[in-house]
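Student: Shown below is the structure under consideration.
The values are calculated or read from the model by the stated rules, or taken from the named source; none is laboratory data. Computed from a predicted structure; not experimentally measured. Here the Cβ is made from the backbone with ideal geometry for all residues, glycine too, and neighbour counts use every protein chain on show. Ligands, DNA and RNA are excluded from the accessible area calculation, which covers all protein heavy atoms including side chains. Shrake-Rupley method; radii C 1.70, N 1.55, O 1.52, S 1.80 Å.
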Amino acid sequence: MEKKHLFVGILLLIFWLVLTGNLHPFNLLEGVFLAALVTFLSHVLLSGLWEELRLGIRGIWRFWVCLARLTVDIFKANTDVGERVLDPKLPISPAVVKFKTSLKGVLPKVMLAGFITLRPGTLAVDFEGDIIHVHCLADSFAKELMEREAEKAVLWIFEEER
Amino acid sequence: MNPFFVGVSLTLLIGAFICLYRAILGPTLFERIIAVNLIGTNVLVVLILMAYLFKQAVYLDVAFAYALLNFVAIIAVTRCAETGGEPK
Amino acid sequence: MIEVVTNSITVVFLSLGVFFLSIGVIGIIRLPDIYSRLHASTKCDIFGAGLALLGLVVYEGVSFNALKLLVITGLMLTSGLVIGHAVARAARRGGLTPWQEDREELIRLEKEKLLEKFMEEK
(Lines give C-alpha, C1' and ligand atoms only; values in the text may rest on other atoms or scores of the structure.)
Protein backbone atom coordinates (compact mmCIF):
# COMPACT_ATOMS: atom_id res chain seq x y z
CA MET A 1 0.00 0.00 0.00
CA GLU A 2 1.76 3.10 -1.24
CA LYS A 3 0.78 6.49 -2.50
CA LYS A 4 0.45 5.32 -6.08
CA HIS A 5 -1.95 2.53 -5.18
CA LEU A 6 -4.16 4.98 -3.30
CA PHE A 7 -4.12 7.38 -6.27
CA VAL A 8 -5.08 4.71 -8.80
CA GLY A 9 -7.77 3.35 -6.48
CA ILE A 10 -9.40 6.77 -6.07
CA LEU A 11 -9.26 7.31 -9.84
CA LEU A 12 -10.99 3.98 -10.44
CA LEU A 13 -13.63 4.83 -7.81
CA ILE A 14 -14.41 8.12 -9.58
CA PHE A 15 -14.67 6.21 -12.86
CA TRP A 16 -17.12 3.78 -11.25
CA LEU A 17 -19.22 6.62 -9.89
CA VAL A 18 -19.35 8.30 -13.32
CA LEU A 19 -20.46 5.03 -14.90
CA THR A 20 -23.14 4.06 -12.38
CA GLY A 21 -24.31 7.53 -11.43
CA ASN A 22 -25.84 7.25 -7.94
CA LEU A 23 -24.45 7.76 -4.44
CA HIS A 24 -26.36 5.02 -2.63
CA PRO A 25 -24.21 3.61 0.26
CA PHE A 26 -24.34 0.07 -1.11
CA ASN A 27 -23.23 1.28 -4.54
CA LEU A 28 -20.40 3.23 -2.90
CA LEU A 29 -19.28 0.15 -0.94
CA GLU A 30 -19.33 -1.96 -4.09
CA GLY A 31 -17.23 0.66 -5.88
CA VAL A 32 -14.63 0.75 -3.10
CA PHE A 33 -14.38 -3.05 -3.14
CA LEU A 34 -14.03 -3.25 -6.95
CA ALA A 35 -11.47 -0.41 -7.07
CA ALA A 36 -9.35 -2.16 -4.43
CA LEU A 37 -9.62 -5.45 -6.32
CA VAL A 38 -8.56 -3.94 -9.67
CA THR A 39 -5.70 -2.02 -8.05
CA PHE A 40 -4.47 -5.25 -6.44
CA LEU A 41 -4.72 -7.19 -9.69
CA SER A 42 -2.82 -4.55 -11.68
CA HIS A 43 0.02 -3.82 -9.22
CA VAL A 44 2.50 -5.50 -11.58
CA LEU A 45 1.68 -2.93 -14.27
CA LEU A 46 2.09 -0.02 -11.86
CA SER A 47 5.49 -1.06 -10.48
CA GLY A 48 7.77 0.18 -13.27
CA LEU A 49 5.69 2.76 -15.02
CA TRP A 50 4.76 5.08 -12.16
CA GLU A 51 8.02 7.03 -11.91
CA GLU A 52 7.86 7.85 -15.62
CA LEU A 53 4.37 9.33 -15.46
CA ARG A 54 5.04 12.08 -12.93
CA LEU A 55 3.48 15.44 -13.79
CA GLY A 56 2.91 18.15 -11.17
CA ILE A 57 -0.17 20.31 -10.75
CA ARG A 58 1.54 23.13 -12.63
CA GLY A 59 2.34 20.71 -15.44
CA ILE A 60 -1.28 19.65 -15.71
CA TRP A 61 -2.41 23.30 -15.87
CA ARG A 62 0.16 24.09 -18.57
CA PHE A 63 -0.94 20.99 -20.50
CA TRP A 64 -4.48 22.36 -20.72
CA VAL A 65 -3.17 25.77 -21.83
CA CYS A 66 -1.16 24.06 -24.58
CA LEU A 67 -4.20 22.04 -25.65
CA ALA A 68 -6.26 25.23 -25.95
CA ARG A 69 -3.56 26.78 -28.14
CA LEU A 70 -3.34 23.59 -30.19
CA THR A 71 -7.04 23.76 -31.10
CA VAL A 72 -6.32 26.39 -33.77
CA ASP A 73 -3.61 24.15 -35.23
CA ILE A 74 -5.94 21.15 -35.24
CA PHE A 75 -8.53 23.15 -37.15
CA LYS A 76 -5.89 24.26 -39.68
CA ALA A 77 -4.67 20.68 -40.06
CA ASN A 78 -8.18 19.42 -40.77
CA THR A 79 -9.00 22.09 -43.33
CA ASP A 80 -5.65 21.43 -45.02
CA VAL A 81 -6.32 17.69 -45.27
CA GLY A 82 -9.83 18.49 -46.52
CA GLU A 83 -8.53 20.78 -49.27
CA ARG A 84 -6.02 18.19 -50.42
CA VAL A 85 -8.51 15.33 -50.39
CA LEU A 86 -11.33 17.19 -52.16
CA ASP A 87 -9.00 18.54 -54.87
CA PRO A 88 -9.47 16.42 -58.03
CA LYS A 89 -5.71 16.46 -58.74
CA LEU A 90 -4.79 15.15 -55.23
CA PRO A 91 -1.79 17.47 -54.67
CA ILE A 92 0.41 15.50 -52.27
CA SER A 93 4.12 14.71 -52.39
CA PRO A 94 4.91 12.70 -49.24
CA ALA A 95 8.32 12.48 -47.62
CA VAL A 96 9.72 10.85 -44.49
CA VAL A 97 12.06 12.98 -42.36
CA LYS A 98 14.06 12.13 -39.26
CA PHE A 99 13.65 14.46 -36.30
CA LYS A 100 16.13 14.36 -33.42
CA THR A 101 14.73 15.37 -30.07
CA SER A 102 16.48 16.33 -26.85
CA LEU A 103 13.64 15.20 -24.58
CA LYS A 104 14.21 12.46 -22.00
CA GLY A 105 11.62 10.15 -20.46
CA VAL A 106 8.53 8.36 -21.67
CA LEU A 107 5.76 10.91 -21.03
CA PRO A 108 7.46 13.87 -22.78
CA LYS A 109 8.15 11.72 -25.83
CA VAL A 110 4.56 10.47 -26.01
CA MET A 111 3.31 14.04 -25.71
CA LEU A 112 5.71 15.22 -28.43
CA ALA A 113 4.50 12.48 -30.79
CA GLY A 114 0.90 13.49 -30.14
CA PHE A 115 1.62 17.18 -30.76
CA ILE A 116 3.45 16.37 -34.00
CA THR A 117 0.53 14.26 -35.21
CA LEU A 118 -2.04 16.97 -34.44
CA ARG A 119 -0.08 19.71 -36.26
CA PRO A 120 -0.83 20.34 -39.95
CA GLY A 121 0.55 17.82 -42.41
CA THR A 122 2.83 15.77 -40.16
CA LEU A 123 2.42 12.30 -38.66
CA ALA A 124 4.79 10.69 -36.13
CA VAL A 125 5.54 7.15 -37.32
CA ASP A 126 8.22 5.51 -35.21
CA PHE A 127 10.71 6.07 -32.38
CA GLU A 128 14.29 4.79 -32.50
CA GLY A 129 15.95 6.07 -29.32
CA ASP A 130 16.02 9.85 -29.71
CA ILE A 131 15.06 9.91 -33.38
CA ILE A 132 11.46 10.20 -34.53
CA HIS A 133 10.54 9.26 -38.07
CA VAL A 134 7.96 11.79 -39.25
CA HIS A 135 5.80 11.40 -42.36
CA CYS A 136 5.02 14.74 -44.03
CA LEU A 137 2.27 15.28 -46.59
CA ALA A 138 4.32 17.92 -48.48
CA ASP A 139 7.83 19.37 -48.34
CA SER A 140 6.74 22.69 -46.85
CA PHE A 141 5.49 20.90 -43.72
CA ALA A 142 8.95 19.37 -43.18
CA LYS A 143 10.42 22.88 -43.03
CA GLU A 144 7.72 23.93 -40.56
CA LEU A 145 8.51 20.87 -38.45
CA MET A 146 12.17 21.84 -38.21
CA GLU A 147 11.22 25.06 -36.41
CA ARG A 148 10.55 22.83 -33.38
CA GLU A 149 7.34 24.50 -32.20
CA ALA A 150 6.00 21.23 -30.78
CA GLU A 151 9.19 20.47 -28.86
CA LYS A 152 9.20 23.98 -27.36
CA ALA A 153 5.63 23.46 -26.12
CA VAL A 154 6.52 20.14 -24.46
CA LEU A 155 9.63 21.68 -22.88
CA TRP A 156 7.43 24.47 -21.49
CA ILE A 157 5.09 21.92 -19.91
CA PHE A 158 7.91 19.96 -18.28
CA GLU A 159 9.92 22.98 -17.11
CA GLU A 160 11.58 21.95 -13.85
CA GLU A 161 10.85 23.90 -10.70
CA ARG A 162 11.72 21.62 -7.79
CA MET B 1 -34.34 18.75 -33.48
CA ASN B 2 -35.37 15.15 -34.26
CA PRO B 3 -35.38 15.36 -38.09
CA PHE B 4 -31.93 16.94 -37.99
CA PHE B 5 -30.62 14.12 -35.80
CA VAL B 6 -32.09 11.53 -38.19
CA GLY B 7 -30.40 13.22 -41.14
CA VAL B 8 -27.03 13.33 -39.36
CA SER B 9 -27.34 9.64 -38.42
CA LEU B 10 -28.15 8.65 -42.01
CA THR B 11 -25.13 10.61 -43.34
CA LEU B 12 -22.84 8.93 -40.84
CA LEU B 13 -24.21 5.48 -41.69
CA ILE B 14 -23.63 6.10 -45.42
CA GLY B 15 -20.04 7.07 -44.53
CA ALA B 16 -19.63 3.83 -42.57
CA PHE B 17 -20.86 1.85 -45.60
CA ILE B 18 -18.35 3.60 -47.87
CA CYS B 19 -15.59 2.68 -45.39
CA LEU B 20 -16.61 -0.96 -45.84
CA TYR B 21 -15.08 -0.77 -49.35
CA ARG B 22 -11.64 -0.17 -47.85
CA ALA B 23 -12.21 -2.73 -45.11
CA ILE B 24 -12.96 -5.48 -47.64
CA LEU B 25 -10.60 -4.58 -50.51
CA GLY B 26 -7.74 -2.88 -48.60
CA PRO B 27 -4.40 -4.03 -50.01
CA THR B 28 -2.86 -4.69 -46.59
CA LEU B 29 -4.02 -5.53 -43.09
CA PHE B 30 -3.40 -2.01 -41.77
CA GLU B 31 -5.83 -0.38 -44.19
CA ARG B 32 -8.48 -2.76 -42.95
CA ILE B 33 -7.64 -1.81 -39.36
CA ILE B 34 -8.03 1.94 -39.89
CA ALA B 35 -11.21 1.43 -41.93
CA VAL B 36 -12.71 -0.55 -39.06
CA ASN B 37 -11.62 2.20 -36.65
CA LEU B 38 -13.39 4.85 -38.73
CA ILE B 39 -16.54 2.71 -38.93
CA GLY B 40 -16.39 2.41 -35.14
CA THR B 41 -16.20 6.18 -34.67
CA ASN B 42 -19.14 6.82 -37.01
CA VAL B 43 -21.28 4.20 -35.28
CA LEU B 44 -20.32 5.63 -31.87
CA VAL B 45 -21.71 9.05 -32.82
CA VAL B 46 -24.84 7.37 -34.24
CA LEU B 47 -25.33 5.49 -30.95
CA ILE B 48 -25.15 8.72 -28.95
CA LEU B 49 -27.64 10.37 -31.33
CA MET B 50 -29.94 7.38 -30.83
CA ALA B 51 -29.86 8.01 -27.09
CA TYR B 52 -31.49 11.40 -27.78
CA LEU B 53 -33.85 10.15 -30.52
CA PHE B 54 -35.32 7.37 -28.35
CA LYS B 55 -34.90 9.29 -25.05
CA GLN B 56 -33.08 6.38 -23.38
CA ALA B 57 -29.92 7.14 -21.39
CA VAL B 58 -28.85 3.49 -21.55
CA TYR B 59 -27.45 4.06 -25.04
CA LEU B 60 -24.81 6.35 -23.51
CA ASP B 61 -23.47 3.42 -21.48
CA VAL B 62 -23.55 1.27 -24.62
CA ALA B 63 -21.55 3.95 -26.46
CA PHE B 64 -19.03 4.06 -23.60
CA ALA B 65 -18.50 0.31 -23.72
CA TYR B 66 -18.34 0.45 -27.52
CA ALA B 67 -15.57 3.07 -27.47
CA LEU B 68 -13.51 1.07 -24.94
CA LEU B 69 -13.98 -2.20 -26.86
CA ASN B 70 -13.06 -0.55 -30.17
CA PHE B 71 -9.82 0.76 -28.67
CA VAL B 72 -8.80 -2.51 -27.02
CA ALA B 73 -9.64 -4.63 -30.08
CA ILE B 74 -7.67 -2.46 -32.49
CA ILE B 75 -4.63 -2.28 -30.20
CA ALA B 76 -4.73 -6.09 -29.84
CA VAL B 77 -4.93 -6.70 -33.60
CA THR B 78 -2.12 -4.19 -34.26
CA ARG B 79 0.09 -5.80 -31.64
CA CYS B 80 -0.59 -9.20 -33.16
CA ALA B 81 0.33 -7.92 -36.64
CA GLU B 82 3.52 -6.28 -35.39
CA THR B 83 4.90 -9.31 -33.57
CA GLY B 84 4.13 -11.73 -36.35
CA GLY B 85 0.64 -13.03 -35.74
CA GLU B 86 0.01 -12.89 -39.47
CA PRO B 87 1.95 -15.23 -41.77
CA LYS B 88 4.15 -13.26 -44.13
CA MET C 1 -34.63 32.24 -25.99
CA ILE C 2 -31.69 30.38 -24.52
CA GLU C 3 -32.93 27.21 -26.18
CA VAL C 4 -32.68 28.83 -29.61
CA VAL C 5 -29.03 29.77 -28.96
CA THR C 6 -28.00 26.34 -27.66
CA ASN C 7 -29.87 24.56 -30.46
CA SER C 8 -28.16 26.63 -33.14
CA ILE C 9 -24.74 25.97 -31.53
CA THR C 10 -25.57 22.26 -31.55
CA VAL C 11 -26.59 22.36 -35.22
CA VAL C 12 -23.36 24.15 -36.23
CA PHE C 13 -21.09 21.83 -34.21
CA LEU C 14 -22.82 18.65 -35.38
CA SER C 15 -22.74 19.74 -39.03
CA LEU C 16 -19.02 20.58 -38.82
CA GLY C 17 -18.30 17.28 -37.08
CA VAL C 18 -20.17 15.26 -39.71
CA PHE C 19 -18.40 17.22 -42.46
CA PHE C 20 -14.94 16.39 -41.07
CA LEU C 21 -15.85 12.74 -40.47
CA SER C 22 -16.96 12.52 -44.11
CA ILE C 23 -13.63 14.05 -45.18
CA GLY C 24 -11.93 11.25 -43.25
CA VAL C 25 -14.00 8.65 -45.12
CA ILE C 26 -13.27 10.22 -48.53
CA GLY C 27 -9.57 10.49 -47.65
CA ILE C 28 -9.39 6.82 -46.74
CA ILE C 29 -10.84 5.95 -50.16
CA ARG C 30 -8.84 8.38 -52.33
CA LEU C 31 -5.32 8.66 -50.89
CA PRO C 32 -2.65 6.33 -52.28
CA ASP C 33 -0.88 4.61 -49.36
CA ILE C 34 -1.24 3.65 -45.71
CA TYR C 35 0.62 6.62 -44.20
CA SER C 36 -1.32 9.33 -46.04
CA ARG C 37 -4.54 7.46 -45.27
CA LEU C 38 -3.53 7.63 -41.61
CA HIS C 39 -3.18 11.43 -41.97
CA ALA C 40 -6.81 11.65 -43.04
CA SER C 41 -8.19 9.07 -40.65
CA THR C 42 -6.41 10.17 -37.43
CA LYS C 43 -6.91 13.93 -37.70
CA CYS C 44 -10.45 13.93 -39.05
CA ASP C 45 -11.48 11.15 -36.69
CA ILE C 46 -10.37 13.07 -33.60
CA PHE C 47 -11.62 16.50 -34.65
CA GLY C 48 -14.91 15.41 -36.21
CA ALA C 49 -16.02 13.13 -33.40
CA GLY C 50 -14.86 15.67 -30.79
CA LEU C 51 -16.88 18.47 -32.40
CA ALA C 52 -20.01 16.32 -32.73
CA LEU C 53 -19.84 15.19 -29.10
CA LEU C 54 -19.20 18.75 -27.85
CA GLY C 55 -22.27 19.90 -29.76
CA LEU C 56 -24.33 17.25 -28.00
CA VAL C 57 -22.88 18.35 -24.63
CA VAL C 58 -24.19 21.87 -25.35
CA TYR C 59 -27.59 20.38 -26.29
CA GLU C 60 -27.72 18.37 -23.05
CA GLY C 61 -26.94 21.30 -20.72
CA VAL C 62 -25.55 20.90 -17.21
CA SER C 63 -26.39 17.38 -16.06
CA PHE C 64 -24.93 14.00 -15.24
CA ASN C 65 -25.24 12.75 -18.82
CA ALA C 66 -23.21 15.74 -20.02
CA LEU C 67 -20.37 14.62 -17.71
CA LYS C 68 -20.57 11.13 -19.21
CA LEU C 69 -20.43 12.61 -22.72
CA LEU C 70 -17.36 14.63 -21.76
CA VAL C 71 -15.62 11.47 -20.49
CA ILE C 72 -16.45 9.72 -23.79
CA THR C 73 -14.97 12.70 -25.68
CA GLY C 74 -11.71 12.51 -23.72
CA LEU C 75 -11.56 8.78 -24.34
CA MET C 76 -12.04 9.34 -28.09
CA LEU C 77 -9.23 11.91 -28.23
CA THR C 78 -6.60 9.77 -26.46
CA SER C 79 -7.61 6.49 -28.09
CA GLY C 80 -7.59 8.05 -31.58
CA LEU C 81 -4.03 9.31 -31.12
CA VAL C 82 -2.78 6.02 -29.66
CA ILE C 83 -4.41 3.98 -32.45
CA GLY C 84 -2.81 6.21 -35.10
CA HIS C 85 0.67 5.81 -33.62
CA ALA C 86 0.29 2.05 -33.10
CA VAL C 87 -0.86 1.41 -36.68
CA ALA C 88 1.88 3.64 -38.16
CA ARG C 89 4.60 1.90 -36.13
CA ALA C 90 3.32 -1.56 -36.99
CA ALA C 91 3.18 -0.62 -40.69
CA ARG C 92 6.75 0.68 -40.68
CA ARG C 93 8.12 -2.32 -38.79
CA GLY C 94 6.15 -4.60 -41.11
CA GLY C 95 8.22 -3.20 -43.97
CA LEU C 96 5.70 -1.02 -45.83
CA THR C 97 7.50 1.77 -47.68
CA PRO C 98 5.71 5.11 -48.15
CA TRP C 99 4.34 6.02 -51.57
CA GLN C 100 6.56 8.51 -53.41
CA GLU C 101 5.78 10.92 -56.18
CA ASP C 102 7.62 9.81 -59.32
CA ARG C 103 10.31 12.50 -59.18
CA GLU C 104 12.62 11.01 -61.83
CA GLU C 105 9.78 11.17 -64.33
CA LEU C 106 9.19 14.83 -63.48
CA ILE C 107 12.90 15.67 -63.85
CA ARG C 108 13.02 13.88 -67.25
CA LEU C 109 10.03 15.85 -68.53
CA GLU C 110 11.64 19.10 -67.36
CA LYS C 111 14.88 18.25 -69.16
CA GLU C 112 13.07 17.46 -72.43
CA LYS C 113 11.29 20.79 -72.27
CA LEU C 114 14.60 22.65 -71.74
CA LEU C 115 16.17 20.75 -74.64
CA GLU C 116 13.33 21.66 -76.99
CA LYS C 117 13.63 25.31 -76.01
CA PHE C 118 17.38 25.19 -76.62
CA MET C 119 16.91 23.64 -80.08
CA GLU C 120 14.32 26.25 -81.04
CA GLU C 121 16.64 29.07 -80.04
CA LYS C 122 19.36 27.56 -82.14
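Student: Treat each spin label as a single point 7 Å out from the Cα along the C-beta direction, and report the A:E128 to A:W156 distance in nm.
Tutor: 3.2 nm
Student: Of A:K4/A:K152; A:K3/A:K152; A:K76/B:K55; A:K109/A:K143; A:K4/A:K109; A:K3/A:K104, which sit over 26 Å apart, Cα to Cα? Please list the in-between numbers first.
Tutor: Details: A:K4/A:K152 30 Å; A:K3/A:K152 32 Å; A:K76/B:K55 36 Å; A:K109/A:K143 21 Å; A:K4/A:K109 22 Å; A:K3/A:K104 24 Å.
Too far apart for the 26 Å limit: A:K4/A:K152; A:K3/A:K152; A:K76/B:K55.
Student: With point charges of +1 on the Cβ of Lys and Arg and -1 on the Cβ of Asp and Glu, referenced to the Cα centre of the stretch A:55-157, which listed residue (A:T71, A:G56, A:A142) lies farthest in the positive direction of the dipole?
Tutor: Towards the positive end, the residue furthest out is A:G56.
Student: Among rounded, prolate and oblate, which fits chain C when a ≥ b ≥ c are the square roots of the eigenvalues of its C-alpha gyration tensor, a/c under 1.5 means rounded, and a/b larger than b/c means prolate? Working shown, then result.
Tutor: Values: a/c = 5.99, a/b = 2.17, b/c = 2.76.
Oblate is the answer for chain C, as a/c is 1.5 or above yet b/c matches or exceeds a/b.
Student: Please compute how much accessible surface disappears when A pairs with C, both sides summed, using a 1.4 Å probe, and round it to the nearest 100 Å². Spell out each step's value before the answer.
Tutor: Values: alone 11470 and 9690 Å², together 18170 Å².
What A and C bury together is about 3000 Å².
Student: Order the peptides B:17-30, A:60-73 from the highest to the lowest mean number of other Cβ atoms within 10 Å of their residues. Mind dumping the intermediate values first?
Tutor: Values: B:17-30: 15.7, A:60-73: 12.8.
Top of the packing list down: B:17-30, A:60-73.
Student: Something else now. Can you list the residues in the stretch C:37-62 whose accessible area drops by at least 30 Å² when all protein chains are present, compared with the chain alone? Use a 1.4 Å probe, heavy atoms only.
Tutor: Going by heavy-atom accessible area, the residues of the stretch C:37-62 that drop by at least 30 Å² are C:R37, C:H39, C:S41, C:K43, C:D45, C:F47, C:L53, C:L56, C:Y59.
Student: Just to check I understand the Karplus step: with θ = phi - 60° and J = 6.51 cos²θ - 1.76 cosθ + 1.60, what whole-Hz values come out for the stretch A:114-122, glycine and proline as x?
Tutor: x, 5, 5, 5, 7, 6, x, x, 10
Student: Still on this structure, I have one more. Please give the average number of partner chain Cβ atoms lying within 10 Å of the Cβ of each residue in C:70-82, rounded to a whole number. Intermediate values should be presented prior to the final figure.
Tutor: Values: counts 1, 7, 8, 1, 0, 6, 6, 3, 2, 10, 4, 7, 7.
That works out to 5 on average.
Student: Cβ under 14 Å from C:F118's Cβ, C:F118 left aside: what net charge do those residues give with Lys, Arg +1 and Asp, Glu -1?
Tutor: Working: positive: C:K111, C:K113, C:K117, C:K122; negative: C:E110, C:E112, C:E116, C:E120, C:E121.
Net charge around C:F118: -1.
Student: Something else: So, with +1 on the Cβ of K and R and -1 on the Cβ of D and E, and no other charges, what is the size of the charge dipole of the stretch A:82-156 about its Cα centre, to the nearest 20 debye? Each step should come with its number before you reach the end.
Tutor: Numbers: 10 positive and 10 negative charges, 27 e Å.
So the magnitude is around 120 debye.
Student: Please check: in the Gaussian network model of chain A (C-alpha springs, under 10 Å), which one of A:V32, A:V97, A:V134 has the largest mean-square fluctuation.
Tutor: Highest fluctuation among the options: A:V32.
Student: Further question: Say we join alpha carbon atoms closer than 10 Å with springs in a Gaussian network model of chain A; which of A:A95, A:A113, A:A36 then has the biggest fluctuation?
Tutor: Checking each option, the largest mean-square fluctuation is seen for A:A36.
Student: May I pose another question? Counting only other chains, what is the mean number of Cβ atoms within 10 angstrom of the Cβ of each residue in peptide B:21-27? Present the calculation step by step, with values, prior to reporting the outcome.
Tutor: Numbers: counts 3, 5, 1, 0, 0, 3, 3.
Counting Cβ atoms of other protein chains within 10 Å of each residue's Cβ and averaging gives 2.
Student: Just counting partner chain Cβ atoms within 10 Å, what average do the residues of peptide A:83-90 show around their Cβ? Mind showing how you got there, number by number?
Tutor: Numbers: counts 1, 7, 13, 4, 1, 1, 0, 4.
Rounded to a whole number, the mean comes out at 4.
Student: Fully extended, how many nm does the chain gain between C:L75 and C:N7 (0.36 nm per residue separation, minus their Cα-Cα distance)?
Tutor: Values: separation 68, 0.36 × 68 = 24.48 nm, distance 2.49 nm.
So the extension gain works out to 22.0 nm.
Student: Just from its helices, what would the mean residue ellipticity at 222 nm be for chain A, if runs of 4 or more DSSP H residues each count -39500 (n - 2.57) and the sum is divided by every residue, rounded to the nearest 500 deg cm²/dmol?
Tutor: On the way: 7 runs with 101 residues, N = 162.
Roughly -20000 deg cm²/dmol at 222 nm, from the helical runs in chain A.
Student: A further question follows. With a 1.4 Å probe and every protein chain kept in, tell me what percent of the accessible surface of chain A is carbon plus sulfur.
Tutor: Looking at chain A in its full context, I get 69 percent from C and S.
Student: Here's something else I'd like to know. By the scheme Lys and Arg +1, Asp and Glu -1, what is the net charge of all other residues having a beta-carbon under 15 Å from that of C:N65?
Tutor: Numbers: positive: B:K55, C:K68; negative: B:D61, C:E60.
So the environment of C:N65 carries a net charge of 0.
Student: Under a point-charge model restricted to the Cβ atoms of Lys and Arg (+1) and Asp and Glu (-1), what is the dipole moment magnitude of the stretch A:10-79 relative to its Cα centre, in debye to the nearest 20?
Tutor: Values: 5 positive and 4 negative charges, 75 e Å.
The dipole of the stretch A:10-79 has a size of about 360 debye.
Student: Can you give me the relative contact order of the stretch B:2-82 as a percent, contacts being Cα pairs under 8 Å and 6 or more apart? Intermediate values should be presented prior to the final figure.
Tutor: Working: 60 pairs, mean separation 22.8, N = 81.
Dividing the mean separation by the residue count of the stretch B:2-82 yields 28 percent.
Student: Please compute P(r) over all alpha-carbon pairs of the protein assembly as shown, binned at 10 Å starting from zero, and give each bin as a whole-number percent.
Tutor: It works out to 5, 20, 29, 26, 13, 4, 2, 1, 0, 0, in whole percents.
Student: How do A:H43, A:H5 stack up against each other in accessible area, from largest to smallest, with a 1.4 angstrom probe? Provide the component values of the computation, followed by the final result.
Tutor: Numbers: A:H43 85, A:H5 40 Å².
I get A:H43, A:H5, largest accessible area first.
Student: Which of C:L114, C:L75, C:V18 sits farthest toward the positive end of the charge dipole of chain C, with +1 on the Cβ of Lys and Arg and -1 on the Cβ of Asp and Glu?
Tutor: The Cα lying farthest towards the positive end belongs to C:L75.
Student: Between B and C, buried accessible area summed over both sides at probe 1.4 Å, in Å² to the nearest 100? Display every interim value, and only then the final one.
Tutor: Numbers: alone 6450 and 9690 Å², together 12460 Å².
Roughly 3700 Å² of accessible surface disappears when B and C pair.
Student: About the Cα centre, and with charges only on the beta carbon of Lys, Arg (+1) and Asp, Glu (-1), how big is the dipole of chain A? Nearest 20 debye, please. Intermediate results must be reported in sequence, preceding the final value.
Tutor: Working: 18 positive and 19 negative charges, 40 e Å.
Dipole magnitude for chain A comes out near 200 debye.
Student: If you add up the charges near B:Y21, with Lys and Arg at +1 and Asp and Glu at -1, over every other residue whose beta carbon is less than 14 angstrom from its beta carbon, what do you get?
Tutor: Values: positive: B:R22, B:R32, C:R30, C:R37; negative: B:E31.
Surrounding charge for B:Y21 is +3.
Student: Using a Gaussian network model on chain C with a 10 Å cutoff between Cα atoms, which of C:K43, C:K111, C:K68 fluctuates the most?
Tutor: It is C:K111.
Student: Using only the C-alpha atoms of the stretch B:2-82, find the volume of their convex hull and express it per residue in Å³. Walk me through the numbers on the way to the answer.
Tutor: Values: hull volume 5.1 nm³, N = 81.
In the stretch B:2-82, the Cα convex hull volume per residue is 63 Å³.
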